[in-house]
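See below for the structure under consideration.
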Amino acid sequence: MRNAAAVLANDLSVSLSDLAARIGVGRTTLHRSFPTREVLLHEVARFAVAEVSRIYDRIGLDEDPIEDVLKKMGDHVLDLAVAYALLWAEPPITELTDLRAEAEAQDERFLRFAARGQSQGQFRSDVPDGWIGYSLGAQALALFYAVRSGFVGERMVQRLFVTTALDGLAAR
């Protein structure tokens, strides 16, 4: 599922035949597991929502110190970016599934992290917490595309994410 999610994050309109070839399985194998595109997209959305929750739990989003969370998030930023690309696609993939409420709850969870960072003096207080949350998400996506395009090496991702987040969003 992770490989299918990565391909779909790059091109949500990819045909099932092309998807099968890109992830290294036979077309009939893919069709046996996912008889329709809707079934596949539902399972990919379910994977993306679960992946975001798993990473948020692993990095201590709700309770660990802000700088520690950002460092751990940097270690998982490319996986988060794949999930974000799928969940933020237009039209939203969650509209095709029963996962919209769960995805929205994740957004709220991340916004609470941003607000906590502001209240603790780690993030700027002169911008809305939503801007901080979306900026961090967009930064994850930018790094995903920069790696994919060859502008940034994977070993640079964590450092770039953390320094940009802390320097660009730091309280002044």
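Specify the residue that is nearest to residue 111 (Cα to Cα); the eligible residues are those in region 30-60 that are in contact with a helix residue (DSSP H, G or I) (Cβ under 7 Å, 6 or more places away or on another chain) and hydroxyl-bearing (Ser, Thr, Tyr).
Among those residues, the one meeting the criterion is 56.
Is it true that residue 18 is loosely packed, with under 14 Cβ neighbours inside 10 Å and either closer than 30 Å to residue 111 by Cβ or touching a residue at least 24 places away in the same chain (Cβ under 8 Å) (or both)?
On the way: loosely packed, with under 14 Cβ neighbours inside 10 Å: yes; either closer than 30 Å to residue 111 by Cβ or touching a residue at least 24 places away in the same chain (Cβ under 8 Å) (or both): no.
Here the answer is no, as residue 18 does not meet what is asked.
Can you name every residue in region 163-172 that is among the aliphatic types (A, V, I, L, M), free of Cβ contacts under 8 Å to residues at least 60 places away in the same chain and assigned to a helix (DSSP H, G or I)? Write out each step before concluding.
Looking only at region 163-172, we keep the residues that are among the aliphatic types (A, V, I, L, M), and these are 165-166, 169-171.
Subsequent filtering for residues that are free of Cβ contacts under 8 Å to residues at least 60 places away in the same chain retains 169-171.
Listed by number, the list holds a single entry, 169.
How many residues are touching a Leu at 6+ places or on another chain (Cβ under 9 Å), modelled with pLDDT of 85 or more and in a loop (DSSP other than H, G, I, E, B) when one looks only at region 3-20?
Qualifying residue count for the region: 1.
Condition test on residue 63, is it among the acidic types (Asp, Glu) and under 19 Å from the mean Cα position of the chain (by Cα)?
When the stated conditions are applied, residue 63 does not pass them.
Only one of (1) modelled with pLDDT under 95; (2) surrounded by fewer than 17 Cβ atoms within 10 Å (Cβ to Cβ) is not met by residue 112, so which one is it?
(1)
Outside any loop (DSSP other than H, G, I, E, B), surrounded by fewer than 16 Cβ atoms within 10 Å (Cβ to Cβ) and at pLDDT 85 or above: is that true of residue 39 in this structure? It would help to see each step written out before you state the result.
Details: outside any loop (DSSP other than H, G, I, E, B): yes; surrounded by fewer than 16 Cβ atoms within 10 Å (Cβ to Cβ): yes; at pLDDT 85 or above: yes.
Spelling it out, residue 39 is indeed outside any loop (DSSP other than H, G, I, E, B), surrounded by fewer than 16 Cβ atoms within 10 Å (Cβ to Cβ) and at pLDDT 85 or above.
Considering region 21-36 alone, what residues qualify as being surrounded by fewer than 19 Cβ atoms within 10 Å (Cβ to Cβ) and either within 19 Å of the chain's Cα centre (by Cα) or part of a loop (DSSP other than H, G, I, E, B) (or both)? Before the answer, list the steps.
So the first thing to find is which residues in region 21-36 are surrounded by fewer than 19 Cβ atoms within 10 Å (Cβ to Cβ), and the list is 21-33, 35-36.
Of everything in region 21-36, those that are surrounded by fewer than 19 Cβ atoms within 10 Å (Cβ to Cβ) and either within 19 Å of the chain's Cα centre (by Cα) or part of a loop (DSSP other than H, G, I, E, B) (or both) turn out to be 24, 25, 26, 35, 36.
Name the pairs: first residue in region 87-109 and among the basic types (Lys, Arg), second residue at pLDDT below 80 and surrounded by 12 or more Cβ atoms within 10 Å (Cβ to Cβ), Cβ to Cβ under 7 Å, at least 6 apart or on different chains?
From residues that are among the basic types (Lys, Arg), the pairs are 100/94.
The values are calculated or read from the model by the stated rules, or taken from the named source; none is laboratory data. Everything numeric here is computed off the predicted structure, so don't read it as measured data. When we count neighbours, we look across all protein chains shown, and the Cβ atoms used for this are built from the backbone with ideal geometry, even at glycine.
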